[in-house]
Amino acid sequence: MLATTETIATSVDHWLARFEKALTGSDDVVLRTLFHPDSHWRDLLALTWRIGTVNGADAILRELKVHADRAKSTGFATDPDRTPPRHVRRAGTKAIEAIFKFETAIGRGTGVLRLTPEATDGGALRAWTLLTALDEIKGFEERVGKSRPKGESYSRDFRGPNWLDLRKSAAEYGETDPVVLVVGGGQAGLSIAARLTQLQVDTLIVDRGRRIGDNWRNRYHALTLHNQVQVNHLPYMPFPPSWPTYIPKDKLAAWFEAYVEAMELNYWTATEFAGGEYDERDGRWTVVLRRADGTKRETRPRHIVMATGASDIPNLPDIPTLRDFAGRVLHSSEYDDGECWKGKRALVIGTGNSGHDIAQDLHSSGAKVTLVQRSPTLIVNIEPSAQLPYALYDEGPPLEDCDLITTSMPLALARKNHFLLTEQAKRLDRELLDGLERLGFKLDFGEDGTGWQFKYLTRGGGYYFNVGCSDLIVAGEIGLVQFADIAGFVAAGARMRNGETVAADLVVLATGYKGQEYLVRKLFGDGVAARVGPIWGFGEGQELRNMFTRTAQPGLWFIAGSFAQCRIYSRYLALQIKACEVGLLPREPRDSLAANGGSAYGH
Ligand SMILES: Cc1cc2nc3c(=O)[nH]c(=O)nc-3n(C[C@H](O)[C@H](O)[C@H](O)COP(=O)(O)OP(=O)(O)OC[C@H]3O[C@@H](n4cnc5c(N)ncnc54)[C@H](O)[C@@H]3O)c2cc1C
């Protein structure tokens, strides 16, 4: 493989030049020699207006030919303002990785190219992976940096409304409707609203919380974020460099308030979205918003973006004998503070993050706690194991480059990468895992050993980042029983199959939430739910279903996931909504490619 930075850059530019020439000249023969037979092309709107991945040189060629004429992509070149081309190891394979830029008829984009030598072609460098991503639409660029707004409308008219007057009236929606209604003001809602606002798409966030940030403030007392601060930035406004590695919940909640203010987002607190109906003819929703003071407001946005996190519908297991239990039964969503359970006995059913965190909270409040395991669970120490997937964010490239590189991993390689990271985590966490197994804790490492990332992406749970609860279990301070060993519940607690009773005053069902589909059905009815179909998870495809992309229901969009996912994919979601608004994109995916639907990974 080539050695110096200069020769690496030359190889990359050479590849890009040949690619562009072959693309514009529809030269199949040359195009074929540019890709490995086992290569991957991921496009984020730039050439196809969809978020999708194509595998294998033949399929890539076919798709490129379908889209090249319309996209008219030119100007492919390494980007001197980004991390220079370099040798890397990705998913266990050595490759040259380069960030490049290009233009299409309608926009400007960036991409990531990975080259590896082809043994059957004398070691010639061919594309192993290619990402093409739309950054901006020409004529509708974000008004940032040199294009920032001058503020003349309020600073030069001394008798007119000033900035504050304008902000207040924009957020009131007295006689007007927002173009986009974002339901939920957590990280997902804030990210998409900030992006849309930059693109000058009028956007209102509604959240039932009384105060911005309550989605974090109301979580358990000791909460700090699980990922390190450098991975968790919101778009445009990074956290200050003095912030702690793991951000405490109340600090984050306060930042959310500051973010809304600084990014000039329209945000109605204490406002519940109670459902909506779509009018095909007008291309608008009729939406009912319920304010905490009992009043209702109807509004007619053109788009609704659901940013509600997990559905708020608890997943309650069917345990008929629980009716015989004389103590309190709470779903994890109803649990707030361990203090009132001091000196009492608790059974916590469920061994995901919530179950472990609640068990630890109760234990540290002075309760006697037993954790009940229903199914095998992945356990990973918060440090260093749970941080392994984010090593890139600590290696030096700026945040934007890290995000692009993360985005450029096609599903097949992301799975391989996470398999390798899971193996590494197992080695690092061996002592803890052995200790848990000795006590009968049933461990699991995800489908095909792909670890917690893929558990998160496919089912949204089934793992615990150990911040101490597993150690308490190993030390015998928190008890553990298997659900299968419980014969049934009695007034005093859980009657075990061996005849013993585990006494309890409280049973917490940390059994998760129903999928987003349930929420869609509740809020929009059966027709919309059936049209949209499953949300999140990959199904048979390579992209998260119905996420960050047009859905079969015009004007209905979804955003969710980690801070990183929300930061990364809010850009592409906002570009699609803008493109719909300016007539570049139909509101429903009509072509076969777009029907592929869905998008994205990377916690
Ligand atoms: C201990 C812990 C640590 C974590 N650490 C990290 C981390 O480091 N990095 C990371 O990326 N993730 C982390 N997570 C995961 C994180 O909680 C979720 O990713 C996050 O809350 C999801 O954000 P969201 O905006 O999608 O949803 P939420 O934060 O759940 O926000 C959804 C909002 O929608 C509102 N809402 C719902 N329905 C309606 C309605 N009908 N009308 C009006 N409003 C509504 C809710 O009030 C809520 O405010 C952590 C979680 C926990 C518990």
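Annotation note: Cβ proximity below 6 Å between a residue of the stretch 491-512 that is under 13 Å from residue 369 (Cβ atoms) and part of a loop (DSSP other than H, G, I, E, B) and a residue that is open to solvent by 40 Å² or more (accessible area, probe 1.4 Å) and among the hydroxyl-bearing types (Ser, Thr, Tyr) (sequence gap 6+ or interchain) occurs for 510/354. One residue stands out among those in the stretch 267-287 that are more than 27 Å from the chain's Cα centre (by Cα) and open to solvent by less than 60 Å² (accessible area, probe 1.4 Å): the one that is nearest to the ligand (Cβ to nearest atom), which is 286.
Taking the conditions (1) in a loop (DSSP other than H, G, I, E, B); (2) away from the ligand (no atom under 15 Å from the Cβ); (3) closer than 30 Å to residue 229 by Cα in turn, residue 541 satisfies each one other than (3). Is the stretch 9-19 home to any residue that is of a type in the set (D, E, K, R), crowded, with 17+ Cβ neighbours inside 10 Å and at pLDDT 95 or above? No, the stretch 9-19 has no match at all. Filter the stretch 1-29 for residues that are of a type in the set (Val, Ile, Thr) and within 13 Å of residue 125 (Cα to Cα) and give the result. Result: 7, 8, 10, 12. Comparison of 189, 185 shows that the only residue that is within 18 Å of residue 258 (Cα to Cα), within 10 Å of the ligand (Cβ to nearest atom), in a loop (DSSP other than H, G, I, E, B) and out of contact with any His (no Cβ under 8 Å at 6 or more places or on another chain) is 185.
Note on the stretch 214-228: among residues that are surrounded by 18 or more Cβ atoms within 10 Å (Cβ to Cβ) and of a type in the set (A, V, I, L, M), the one that is modelled with the highest pLDDT is 225. When residue 176 is tested against (1) of a type in the set (S, T, N, Q); (2) away from the ligand (no atom under 16 Å from the Cβ); (3) outside any loop (DSSP other than H, G, I, E, B), just one condition goes unmet, and that condition is (3).
If you go through the stretch 105-134 and pick out every residue that is without any contact (Cβ under 8 Å) to a residue 60 or more places away in the chain and part of a strand (DSSP E or B), you end up with 1.
Residue pairs whose Cβ atoms lie under 6 Å apart, sitting 6 or more positions apart in sequence or on different chains, and linking a residue in the stretch 262-282 that is in a strand (DSSP E or B) to a partner that is more than 16 Å from the ligand (Cβ to nearest atom) and open to solvent by less than 40 Å² (accessible area, probe 1.4 Å), are 266/171. Would you point out the residue of the stretch 213-261, among those that are more than 9 Å from the ligand (Cβ to nearest atom) and among the acidic types (Asp, Glu), that is farthest from the chain's Cα centre (by Cα)? Among those residues, the one meeting the criterion is 261. For residue 56, the conditions (1) within 24 Å of residue 124 (Cβ to Cβ); (2) over 28 Å from the mean Cα position of the chain (by Cα) are fulfilled apart from (2).
Would you list the strands (runs of 3 or more DSSP E) that sit entirely within the stretch 298-401 and hold 2 or more residues that are within 16 Å of the ligand (Cβ to nearest atom) and either open to solvent by less than 60 Å² (accessible area, probe 1.4 Å) or small (Gly, Ala, Ser) (or both)?
303-306, 378-381
Give me the residue from the stretch 158-186 that is closer than 17 Å to residue 574 by Cβ and of a type in the set (A, V, I, L, M, F, W, C) and, out of that set, most open to solvent (accessible area, probe 1.4 Å). Residue satisfying both the conditions and the ranking: 179. Within the stretch 192-212, being among the charged types (D, E, K, R) and either under 20 Å from the mean Cα position of the chain (by Cα) or more than 7 Å from the ligand (Cβ to nearest atom) (or both) holds for 195, 202, 207, 210, 211.
Scanning the stretch 232-245 for residues that are out of contact with any helix residue (DSSP H, G or I) (no Cβ under 7 Å at 6 or more places or on another chain) and open to solvent by less than 50 Å² (accessible area, probe 1.4 Å) returns a single hit, 240. Among residues belonging to the stretch 447-502 that are of a type in the set (A, V, I, L, M) and closer than 28 Å to residue 388 by Cβ, point out the one that is surrounded by the most Cβ atoms within 10 Å (Cβ to Cβ). So the residue we want is 473.
The values are calculated or read from the model by the stated rules, or taken from the named source; none is laboratory data. Keep in mind it's a predicted model, so treat the numbers as computed, not measured. For neighbour counting, all protein chains shown are included, and Cβ atoms are generated from backbone atoms with ideal geometry for every residue, glycine included. For accessibility, only protein heavy atoms count, side chains too; no ligands or nucleic acids. Shrake-Rupley method; radii C 1.70, N 1.55, O 1.52, S 1.80 Å.
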